[in-house]
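**Student:** Let me begin by handing over the structure; questions about it come next.
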Amino acid sequence: MSAKRYSYNAAERRKRRVRAAVKASGRLRLSVFRSSRHIYAQIINDVEGSTLAAASSLESGVDGGSNQEAAKAVGALLAERAKAAGIEEVAFDRGSYPYHGRVKVLAEAARENGLKF
């Protein structure tokens, strides 16, 4: 009897590889999800399984301009909420997305507003 094998697509393998490295760091995780129209980000404590701060482009305070403008606003808003919760240092979990475009803009905006990663 052979071991059960799972076949994952390339995006799922990238996501698992990135997330494993981020979780090994032992820090809080800044996780990003992007859809075709919106972008979401949250800071997660993996030990407790809880979300400590979150922001998305669906919120009323975020400008709905271009996608990169919205990502910049979400990054700034998330950093502001993280600072209010006493969070200064996180590990960036880009998921299966490449580090460019909206994901990169969100990360840079969070860094500019005080988050360290």
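**Student:** Would you check if there is a residue in the stretch 10-33 being touching a residue at least 24 places away in the same chain (Cβ under 8 Å), more than 13 Å from the chain's Cα centre (by Cα) and outside any helix (DSSP H, G or I)?
**Tutor:** Yes, that holds for at least one residue.
**Student:** A follow-up question, please. Please list, ordered by first then second residue, the pairs with beta carbon atoms under 7 Å, 6 or more apart or interchain, first in the stretch 53-73 and without any contact (Cβ under 8 Å) to a residue 60 or more places away in the chain and closer than 13 Å to R102 by Cβ, second part of a helix (DSSP H, G or I) and charged (D, E, K, R).
**Tutor:** Note: pairs meeting the criteria are N67/R102; Q68/R102; A71/R102.
**Student:** Criterion first (aliphatic (A, V, I, L, M) and surrounded by fewer than 20 Cβ atoms within 10 Å (Cβ to Cβ)) does L58 satisfy it?
**Tutor:** yes
**Student:** Then there is this: Take the residues in the stretch 61-82 that are out of contact with any Asp or Glu (no Cβ under 8 Å at 6 or more places or on another chain) and not in a helix (DSSP H, G or I); name whichever of them is surrounded by the fewest Cβ atoms within 10 Å (Cβ to Cβ).
**Tutor:** Ranking the qualifying residues of the stretch 61-82, first place goes to G61.
**Student:** Still on this structure, I have one more. Does R17 fit the bill of being out of contact with any helix residue (DSSP H, G or I) (no Cβ under 8 Å at 6 or more places or on another chain) and surrounded by 14 or more Cβ atoms within 10 Å (Cβ to Cβ)?
**Tutor:** For R17, the condition - out of contact with any helix residue (DSSP H, G or I) (no Cβ under 8 Å at 6 or more places or on another chain) and surrounded by 14 or more Cβ atoms within 10 Å (Cβ to Cβ) - is not met.
**Student:** Also: On the basis of being among the charged types (D, E, K, R) and touching a residue at least 12 places away in the same chain (Cβ under 8 Å), does E48 make the cut?
**Tutor:** It is false that E48 is among the charged types (D, E, K, R) and touching a residue at least 12 places away in the same chain (Cβ under 8 Å).
**Student:** In the stretch 86-106, which residues are among the small types (G, A, S) and touching a residue at least 40 places away in the same chain (Cβ under 8 Å)?
**Tutor:** Result: A91, G95, S96.
**Student:** May I ask you to list the residues in the stretch 34-47 that are at pLDDT 95 or above and either among the small types (G, A, S) or farther than 13 Å from L78 by Cα (or both)?
**Tutor:** Those that are at pLDDT 95 or above and either among the small types (G, A, S) or farther than 13 Å from L78 by Cα (or both): A41, N45.
**Student:** Just wondering, is there one or more residues in the stretch 64-72 that are touching a strand residue (DSSP E or B) at 6+ places or on another chain (Cβ under 9 Å) and within 17 Å of N113 (Cα to Cα)?
**Tutor:** Checking the stretch 64-72: at least one residue is touching a strand residue (DSSP E or B) at 6+ places or on another chain (Cβ under 9 Å) and within 17 Å of N113 (Cα to Cα).
**Student:** For the stretch 24-33, indicate whether the set of residues that are modelled with pLDDT under 95 and at positive phi is non-empty.
**Tutor:** Yes, the stretch 24-33 contains a residue that is modelled with pLDDT under 95 and at positive phi.
The values are calculated or read from the model by the stated rules, or taken from the named source; none is laboratory data. In this text, all values refer to a predicted model and were calculated from it rather than measured experimentally. Counting neighbours? That spans all protein chains shown, and the Cβs are built from the backbone with ideal geometry, glycine included.
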